[in-house]
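The values are calculated or read from the model by the stated rules, or taken from the named source; none is laboratory data. All values reported here derive from a predicted model rather than from experimental measurement. Cβ: placed from backbone, ideal geometry, glycine included. Neighbour counts: every protein chain shown. What goes into the accessible areas is simple: the full protein's heavy atoms, side chains included, and nothing from ligands, DNA or RNA. Shrake-Rupley method; radii C 1.70, N 1.55, O 1.52, S 1.80 Å.
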Amino acid sequence: ATARSMAAEEGNAHQIEFRVGDALRDDVGSGWDLILLANLVHLFRRDQNRDFFQRLHAALNPGGTLVILDQFTGMGSLRDLLPAMISVNLFTVGGRCHRLSDVRELLESAGFGPLRVRAFVPWRPSCLIQATKSA
C-alpha cells in the first residue's frame, strides 16, 4: 500500500504493477522485463531461494533482469561484520544472511547469465545483484 501510494504521488503508478502475496507460493506471472527483490533473499532457506529463483527466471522475458538488494556475507572481513550480526537477529525468525557465492551459484543454476554485483560502502551490509536472463 505504501509503495502504491508513493508511485501515485510521483505520477507514475500506471508504469508499475504491484503484487501482494506469498513469494514462495503465489504465481509471479510472466512476461516481466524487470523483477526487483528488496530484502527478501535473507528470509528464505537455500532450497526456497533456489526454487524462487527458478520461478523468477521463468517469469522474465528473454533479456529480462532480476535485481536483488539484500545483505550478504562473503564480501570481505570488514563487510561481513554487520551481516553476521544481522544474521544472528534473523535467526530468531528463521532467516539469515546468505553467502554471496551461494546466491551467485543459485542464480547461475536457475539459468541466469551475466551477473553483476555492486557492493555499497563498507559500513552498509547491502549489496545489489543484477542477474540477466539470456536472450
Report summary line: For the stretch 16-40, pairs from a residue that is within 23 Å of residue 135 (Cα to Cα) to a residue that is not hydrophobic (A, V, I, L, M, F, W, C) and not in a loop (DSSP other than H, G, I, E, B), with Cβ under 7 Å and 6 or more apart or across chains, are 28/55; 31/61; 32/61; 32/64; 33/61; 33/64; 34/64; 34/65
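For the structure I just gave you, tell me whether residue 66 is under 12 Å from the mean Cα position of the chain (by Cα), open to solvent by 60 Å² or more (accessible area, probe 1.4 Å), among the hydrophobic types (A, V, I, L, M, F, W, C) and modelled with pLDDT of 90 or more.
Working: under 12 Å from the mean Cα position of the chain (by Cα): yes; open to solvent by 60 Å² or more (accessible area, probe 1.4 Å): no; among the hydrophobic types (A, V, I, L, M, F, W, C): yes; modelled with pLDDT of 90 or more: yes.
Spelling it out, it is not the case that residue 66 is under 12 Å from the mean Cα position of the chain (by Cα), open to solvent by 60 Å² or more (accessible area, probe 1.4 Å), among the hydrophobic types (A, V, I, L, M, F, W, C) and modelled with pLDDT of 90 or more.
Looking at the stretch 30-39, which of the residues that are out of contact with any helix residue (DSSP H, G or I) (no Cβ under 7 Å at 6 or more places or on another chain) and open to solvent by less than 50 Å² (accessible area, probe 1.4 Å) is nearest to residue 59 (Cα to Cα)?
Just the residues of the stretch 30-39 that are out of contact with any helix residue (DSSP H, G or I) (no Cβ under 7 Å at 6 or more places or on another chain), to begin with: 31, 33-34, 36-39.
Now restrict to residues that are open to solvent by less than 50 Å² (accessible area, probe 1.4 Å): 31, 37.
On the way: 31: 6, 37: 14 Å.
Looking at residues that are out of contact with any helix residue (DSSP H, G or I) (no Cβ under 7 Å at 6 or more places or on another chain) and open to solvent by less than 50 Å² (accessible area, probe 1.4 Å), I get 31.
Per-residue answers, yes or no, for (1) over 17 Å from the mean Cα position of the chain (by Cα); (2) β-branched (Val, Ile, Thr); (3) more than 21 Å from residue 97 (Cα to Cα):
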{"site": "7", "(1), (2), (3)": "yes, no, yes"}
{"site": "11", "(1), (2), (3)": "yes, no, yes"}
{"site": "19", "(1), (2), (3)": "no, no, yes"}
{"site": "22", "(1), (2), (3)": "no, no, no"}
{"site": "51", "(1), (2), (3)": "no, no, no"}
{"site": "72", "(1), (2), (3)": "no, no, no"}
Query raised in the report: Does residue 50 qualify as being open to solvent by 40 Å² or more (accessible area, probe 1.4 Å), within 17 Å of residue 129 (Cβ to Cβ) and modelled with pLDDT under 85?
Result: no
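Kindly provide the set of residues from the stretch 3-29 that are within 30 Å of residue 47 (Cα to Cα) and open to solvent by 90 Å² or more (accessible area, probe 1.4 Å), ordered by number. It would help to see each step written out before you state the result.
Filtering the stretch 3-29 for residues within 30 Å of residue 47 (Cα to Cα) gives 3, 16-29.
Matches in the stretch 3-29: 17, 19, 20, 25, 27.
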Query - Pairs, first at positive phi in the stretch 46-63, second hydrophobic (A, V, I, L, M, F, W, C) and modelled with pLDDT under 95, C-beta under 9 Å, six or more apart - result: 63/135
